[in-house]
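Trainee: One structure coming up, written as structure tokens, with questions to follow.
The values are calculated or read from the model by the stated rules, or taken from the named source; none is laboratory data. Keep in mind it's a predicted model, so treat the numbers as computed, not measured. Positions of Cβ are backbone-derived with ideal geometry, glycine not excepted, and every protein chain shown enters the neighbour counts.
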Amino acid sequence: MDSRSSSKLGILLLLLLALAATGCVMVQPAQREFLADPAMTFGSEGTAGAMEEHVLSNREGSAGAGAVTGGGCGCN
Amino acid sequence: MRTLLSTVSVLLVALVAAPALADTAEIDAYSTLFYEFGGPLEMLVVNPQVRVRVDPADEVQITAAYEADIVSGASVAVVDSPSADVDVISSATQLDDVRSVVTGGLTLNSPFGRLRGSYSYGFESDYTSHSFTIGARSEVFERNTTFDLSYARGFDSVCDLNQPRAQEAVERRRLDVSDGCFDGENDLRTAHDLALQTFQGSWTQAWAPIFVTQLTLTAQLVDGFQSNPYRAVWLGRSAAQEHHPDNRFRYAASLGARLWIEPLSGALSARVRVYRDNWDVRSITAEAAYEQSIDGAVRVRVRGRYYTQGAAAFFSDDYGIRPVGQYFTGDRELSDQESFMAGLSLVWTLTPGSEGANLGPLQAFRLVLKADYIHHEFPGFNYVRASVPNNNSIMGTLGIELIF
């Protein structure tokens, strides 16, 4: 196995480990007051954020991986 | 014009009917102004948008939207032409165009997740697009984890000068005006296809009551005509329409984090994005922001953004002296660049009873104000010896949201 394959395998294992760890994370509904705040919600910039991405993607050579709406707070 | 009028009419009807059709409805009206200044190649883009959302049932959301890009400014038609070092504006041409996009979408909610689909049709004098998007979202692990997947398929069409006798790219001339595009009767015009496929996945995770992260991955495949048909590049003895590869594979990954600062009742956020494509454009974007809530009704956000990009493999600042393979471009977006951005936004939400407000049928009224300043550096791009004159821009957004 060359070093490139082993580094890809390492990244994959790290991702799997992180995904497995998510099952242990338990923020209870009563603890979600701050997570439900718009400031803690990804994509809360809404239309204004989307318009900004539209303008920037027309001025720069790259695009993608923008914020996806949602905060993992069960508030959507 | 007919299509535009029909679209506006339908939206006006929707605007009036939306609150009556559903228990919950939302109408958003936004406009963004982008102005690039600092030299003779000024560019102004106004982007108004109206969006209506109705929820005819708890499980169903229907959206309809219209947006336009109204562009006016000056653009260099022949990049690096010998006269450009004397006066960049001497070879610039006036650019005025309006792009309209209409969108319709449907979202279905269930206790297990959310499914969404939308269709957009974009049209302007020299470009049309049809875009379909489907997506799914699911919340798992006591709703601490959210996965979102989406796929978009675009079918675009680009107008160009019909040049059947030009066998080689270096023989192709640029399109000078859009007159006759897509009318089907003009032998001097033709249309090229451009197909787009975009896959995106995101994982949002609440790690603690005050900390949440989001990982987003995007892969995009673009296949077809990707040059600007109006732009030509000076190749040493003559100029030819710029010539980009037909295939582009684009990959981007971003990691964002938000942290609640309890003593301040505000949130810190940071985001890093890396990007690469098979044209060898590579970029890194870093952003940081702080958002403060004031009395629950006003939110103020300050932010900074840094962007750096490496040039495409086939980019050259002077193809007459340093040609790079079979492709040539006059697009500064494909050169080395850096940009710095600083911005401020303010969101004011008024609900019935707050500050003694009587909002009638409204559940909430929201006002959004946003302003950003951007400074660009193009160290490897020159119009012969003249550097890019317009390297500063401002962007302002005004938005109103009515929630019934």
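Trainee: Determine the pairs where a residue that is closer than 20 Å to B:LEU33 by Cα, located within the range B:382-404, has a partner that is of a type in the set (Lys, Arg) and modelled with pLDDT of 90 or more with Cβ atoms under 6 Å apart, the partner being 6 or more residues away or on another chain.
Mentor: Short answer, once both residue conditions are applied: B:THR397/B:LYS370; B:GLU401/B:ARG366.
Trainee: Identify all residues within the range B:302-328 that are over 21 Å from the mean Cα position of the chain (by Cα) and either at positive phi or not aromatic (Phe, Trp, Tyr) (or both); write none if there are none.
Mentor: Our first condition is that a residue be over 21 Å from the mean Cα position of the chain (by Cα); within the range B:302-328, this holds for B:302, B:313-328.
Correct list: B:VAL302, B:ALA313, B:SER316, B:ASP317, B:ASP318, B:GLY320, B:ILE321, B:ARG322, B:PRO323, B:VAL324, B:GLY325, B:GLN326.
Trainee: Quick one: is B:ASP187 closer than 30 Å to B:TYR327 by Cβ, in a strand (DSSP E or B) and away from every other protein chain (no Cβ under 14 Å)? Let's see the steps before the verdict.
Mentor: Numbers: closer than 30 Å to B:TYR327 by Cβ: yes; in a strand (DSSP E or B): no; away from every other protein chain (no Cβ under 14 Å): yes.
No; evaluated as a whole, the condition is false for this residue.
Trainee: Still on this structure, I have one more. Which condition from (1) touching a Pro at 6+ places or on another chain (Cβ under 9 Å); (2) in a loop (DSSP other than H, G, I, E, B); (3) within 11 Å of chain A (Cβ to nearest Cβ) is the one that B:ALA311 breaks?
Mentor: The failed condition is (1).
Trainee: Consider B:ARG271 against the criteria (1) within 12 Å of another protein chain (Cβ to nearest Cβ); (2) of a type in the set (Lys, Arg); (3) not in a strand (DSSP E or B): it satisfies all of them except one. Which criterion is unmet?
Mentor: Exception for B:ARG271: condition (3).
Trainee: Being more than 8 Å from every other protein chain (Cβ to nearest Cβ) and either part of a strand (DSSP E or B) or of a type in the set (D, E, K, R) (or both) is the filter here; which residues of the range B:259-268 pass it? If you could, list the steps in order and put the result at the bottom.
Mentor: If we filter the range B:259-268 for residues that are more than 8 Å from every other protein chain (Cβ to nearest Cβ), which is where we start, we get B:259, B:261, B:263-265, B:268.
B:LEU259, B:ILE261, B:LEU268, listed by residue number.
Trainee: Please go through the range B:157-184 and give me each residue that is on the phi > 0 side of the Ramachandran plot and either assigned to a strand (DSSP E or B) or within 29 Å of the chain's Cα centre (by Cα) (or both), ordered by number.
Mentor: Filtering the range B:157-184 for residues on the phi > 0 side of the Ramachandran plot gives B:180, B:182, B:184.
Listed by number, the residues that qualify are B:GLY180, B:PHE182.
Trainee: Can you name the residue in the range B:287-301 that is among the small types (Gly, Ala, Ser) and within 21 Å of the chain's Cα centre (by Cα) and, of all such residues, is surrounded by the fewest Cβ atoms within 10 Å (Cβ to Cβ)?
Mentor: We begin by selecting, within the range B:287-301, every residue among the small types (Gly, Ala, Ser); these are B:288-289, B:293, B:296-297.
From what is left, the residues that are within 21 Å of the chain's Cα centre (by Cα) are B:288-289.
Working: B:ALA288: 14, B:ALA289: 19.
Ranking the qualifying residues of the range B:287-301, first place goes to B:ALA288.
Trainee: On to the next question. Assess whether B:ARG250 counts as being within 12 Å of chain A (Cβ to nearest Cβ), basic (Lys, Arg), part of a strand (DSSP E or B) and free of Cβ contacts under 8 Å to residues at least 24 places away in the same chain. If you could, list the steps in order and put the result at the bottom.
Mentor: Numbers: within 12 Å of chain A (Cβ to nearest Cβ): yes; basic (Lys, Arg): yes; part of a strand (DSSP E or B): yes; free of Cβ contacts under 8 Å to residues at least 24 places away in the same chain: no.
For B:ARG250, the condition - within 12 Å of chain A (Cβ to nearest Cβ), basic (Lys, Arg), part of a strand (DSSP E or B) and free of Cβ contacts under 8 Å to residues at least 24 places away in the same chain - is not met.
Trainee: Moving on. I'm told B:GLN94 meets every condition in (1) touching a residue at least 24 places away in the same chain (Cβ under 8 Å); (2) surrounded by fewer than 18 Cβ atoms within 10 Å (Cβ to Cβ); (3) assigned to a strand (DSSP E or B); (4) not small (Gly, Ala, Ser) except one. Can you identify the failing condition by its number?
Mentor: (1)
Trainee: Here's a check for you: in the range B:314-341, which residue that is of a type in the set (A, V, I, L, M) and closer than 18 Å to B:ILE284 by Cβ is nearest to the other protein chains (Cβ to nearest Cβ)? Steps first, answer last, please.
Mentor: Just the residues of the range B:314-341 that are of a type in the set (A, V, I, L, M), to begin with: B:321, B:324, B:334, B:341.
Checking which are closer than 18 Å to B:ILE284 by Cβ leaves us with B:334, B:341.
On the way: B:LEU334: 5, B:MET341: 8 Å.
Looking at the filtered set, the residue picked out is B:LEU334.
Trainee: I need the full set of residues from the range B:133-156 which are among the charged types (D, E, K, R) and either crowded, with 18+ Cβ neighbours inside 10 Å or part of a loop (DSSP other than H, G, I, E, B) (or both), in order please. Break it down stepwise before answering.
Mentor: Taking the range B:133-156 and keeping what is among the charged types (D, E, K, R), we get B:137, B:139, B:142-143, B:148, B:153, B:156.
Those that are among the charged types (D, E, K, R) and either crowded, with 18+ Cβ neighbours inside 10 Å or part of a loop (DSSP other than H, G, I, E, B) (or both): B:ARG137, B:GLU139, B:GLU142, B:ARG143, B:ASP148, B:ASP156.
Trainee: Right, something else. Among the strands (runs of 3 or more DSSP E) confined wholly to the range B:199-245, which include 3 or more residues that are buried (at least 20 other Cβ atoms within 10 Å of the Cβ), more than 8 Å from every other protein chain (Cβ to nearest Cβ) and touching a residue at least 12 places away in the same chain (Cβ under 8 Å)?
Mentor: Numbers: elements: B:211-224, B:232-234, B:239-241.
Passing ranges, in order: B:232-234, B:239-241.
Trainee: Would you check if B:ARG276 is of a type in the set (Lys, Arg), without any contact (Cβ under 8 Å) to a residue 40 or more places away in the chain and more than 8 Å from every other protein chain (Cβ to nearest Cβ)?
Mentor: On the way: of a type in the set (Lys, Arg): yes; without any contact (Cβ under 8 Å) to a residue 40 or more places away in the chain: yes; more than 8 Å from every other protein chain (Cβ to nearest Cβ): yes.
Judged against the criteria, B:ARG276 is a match.
Trainee: For the range B:343-361, indicate whether the set of residues that are among the hydrophobic types (A, V, I, L, M, F, W, C), in contact with a Gly (Cβ under 6 Å, 6 or more places away or on another chain) and closer than 30 Å to B:GLY39 by Cα is non-empty. Let's see the steps before the verdict.
Mentor: Of the range B:343-361, the ones among the hydrophobic types (A, V, I, L, M, F, W, C) are B:344, B:346-348, B:350, B:357, B:359.
When the remaining residues are screened for being in contact with a Gly (Cβ under 6 Å, 6 or more places away or on another chain), the result is none.
Checked against the condition, which is being among the hydrophobic types (A, V, I, L, M, F, W, C), in contact with a Gly (Cβ under 6 Å, 6 or more places away or on another chain) and closer than 30 Å to B:GLY39 by Cα, the range B:343-361 yields no hits at all.
Trainee: Collect the residues in the range A:49-76 that are among the small types (Gly, Ala, Ser) and either within 16 Å of B:ALA206 (Cα to Cα) or modelled with pLDDT of 85 or more (or both), keeping them in residue-number order.
Mentor: From the range A:49-76, those among the small types (Gly, Ala, Ser) are A:49-50, A:57, A:61-67, A:70-72, A:74; that's our starting set.
Answer for the range A:49-76, where residues must be among the small types (Gly, Ala, Ser) and either within 16 Å of B:ALA206 (Cα to Cα) or modelled with pLDDT of 85 or more (or both): A:GLY49, A:ALA50, A:SER57, A:GLY61, A:SER62, A:ALA63, A:GLY64, A:ALA67, A:GLY70, A:GLY71, A:GLY72, A:GLY74.
Trainee: Quick check on B:GLY360: is it on the phi > 0 side of the Ramachandran plot and either surrounded by fewer than 20 Cβ atoms within 10 Å (Cβ to Cβ) or outside any strand (DSSP E or B) (or both)? Give the steps one after another, and end with the answer.
Mentor: Numbers: on the phi > 0 side of the Ramachandran plot: yes; either surrounded by fewer than 20 Cβ atoms within 10 Å (Cβ to Cβ) or outside any strand (DSSP E or B) (or both): yes.
Yes: the conditions hold for B:GLY360.
Trainee: Go through the range B:296-313 and give me each residue that's in contact with a Leu (Cβ under 8 Å, 6 or more places away or on another chain) and farther than 25 Å from B:ARG271 by Cα.
Mentor: Answer for the range B:296-313, where residues must be in contact with a Leu (Cβ under 8 Å, 6 or more places away or on another chain) and farther than 25 Å from B:ARG271 by Cα: just B:ALA297.
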